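Visitor: Once you've had a glance at the structure underneath, I'll fire off some questions.
The values are calculated or read from the model by the stated rules, or taken from the named source; none is laboratory data. Predicted model only: the values in this text are computed from it and were never measured. Glycine gets a Cβ as well: all are built from the backbone with ideal geometry, and neighbour counts include every protein chain shown.
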Amino acid sequence: MMDWQWRRFAQLSGDELYAVLAARQQVFVIEQQCLYLDMDGLDQDAHHLLGWRKRDGKPQLAAYLRCLAPGAKYTEMSLGRVLTNSDCRGTGIGRELLMKGITHAERQHPRHRIRLSAQAYLERFYAGFGFAAVSAPYDEDGILHIDMLR
């Protein structure tokens, strides 16, 4: 059972923000062995989707993404920092996370396209949600990425 919460940056508690930053560091820096500056100045204007589940009776951040308005990063609105914890992968939580992100983005900015910079190996996953590649693969911090639009 997942507990989903949308938060603006100012609404994040200290514990929630810590959980978000720890999860992003675990997935994008440690697991993917990628040194990059995660705190890019975009979190303050983003909507953050946090997916919590109970583990040993305590809430654990299992999934996360951020949604940016048109003009914040790209001309289009964007979804980014999409992640699920390693023990949640293959359970469908990632699909649920992305659907909730798309639904929220479309409600916030109707009739706007959604852009994301996807790791190239996930192109088919995102294509299943209506995203199409709009760039050739490119290296971003040592990992092949591809720009996609929905």
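Visitor: Does Ala63 satisfy being at pLDDT 95 or above and in contact with a helix residue (DSSP H, G or I) (Cβ under 9 Å, 6 or more places away or on another chain)? Write out each step before concluding.
Guide: Values: at pLDDT 95 or above: yes; in contact with a helix residue (DSSP H, G or I) (Cβ under 9 Å, 6 or more places away or on another chain): yes.
The answer is yes for Ala63.
Visitor: If you don't mind, there's one more thing I want to ask. Name the residues in region 1-41 that are in contact with a His (Cβ under 9 Å, 6 or more places away or on another chain) and not hydrophobic (A, V, I, L, M, F, W, C), would you?
Guide: Passing the criteria: Gln5, Arg7, Arg8, Gln11, Glu16.
Visitor: Then there is this: Can you pull out every residue in region 96-125 that is more than 24 Å from Leu21 (Cβ to Cβ) and not hydrophobic (A, V, I, L, M, F, W, C)?
Guide: Thr103, Glu106, Arg107, His109, Pro110, Arg111, His112, Arg113, Tyr121, Glu123, Arg124
Visitor: Go through (1) in contact (Cβ under 8 Å) with a residue 40 or more places away in the chain; (2) at positive phi for Gly71 and report which single condition fails.
Guide: Result: Gly71 fails condition (1) only.
Visitor: Let me ask something else about it. For region 69-101, which residues satisfy the criterion of being under 15 Å from the mean Cα position of the chain (by Cα), under 17 Å from Ile146 (Cα atoms) and surrounded by fewer than 14 Cβ atoms within 10 Å (Cβ to Cβ)?
Guide: Within region 69-101, none qualify.
Visitor: Another question, then. Checking the condition in a helix (DSSP H, G or I), touching a Lys or Arg at 6+ places or on another chain (Cβ under 9 Å) and closer than 24 Å to Ile30 by Cβ, which residue from Gly94, Gly101 passes?
Guide: Every option except Gly101 fails the conditions.
Visitor: Suppose we filter His104, His48, His112 for residues that are touching a residue at least 12 places away in the same chain (Cβ under 8 Å) and within 12 Å of the chain's Cα centre (by Cα); which single one remains? Walk me through it before giving the result.
Guide: Working: His104 fails: within 12 Å of the chain's Cα centre (by Cα); His112 fails: within 12 Å of the chain's Cα centre (by Cα).
So the residue among His104, His48, His112 that is touching a residue at least 12 places away in the same chain (Cβ under 8 Å) and within 12 Å of the chain's Cα centre (by Cα) is His48.
Visitor: Let me ask you something else. Sort out which residues of region 116-144 are in a helix (DSSP H, G or I) and surrounded by 14 or more Cβ atoms within 10 Å (Cβ to Cβ), and write them in order of number.
Guide: Ala120, Leu122, Glu123, Phe125, Tyr126, Ala127 - these are the residues of region 116-144 that are in a helix (DSSP H, G or I) and surrounded by 14 or more Cβ atoms within 10 Å (Cβ to Cβ).
Visitor: Would you point out which residue out of Asp3, Asp38 is of a type in the set (D, E, K, R) and under 19 Å from Glu140 (Cα atoms)?
Guide: On the way: Asp3 fails: under 19 Å from Glu140 (Cα atoms).
Result: Asp38 is the single residue among Asp3, Asp38 that is of a type in the set (D, E, K, R) and under 19 Å from Glu140 (Cα atoms).
Visitor: Give region 7-40 a look and list any residue that's within 16 Å of the chain's Cα centre (by Cα), closer than 21 Å to His109 by Cα and surrounded by fewer than 14 Cβ atoms within 10 Å (Cβ to Cβ), or say none.
Guide: Across region 7-40, the qualifying residue is only Arg8.
Visitor: Take region 109-132 and flag every residue that is over 26 Å from Leu37 (Cβ atoms) and not aromatic (Phe, Trp, Tyr).
Guide: His109, Pro110, Arg111, His112, Arg113, Arg124, Ala127, Gly128, Gly130, Ala132
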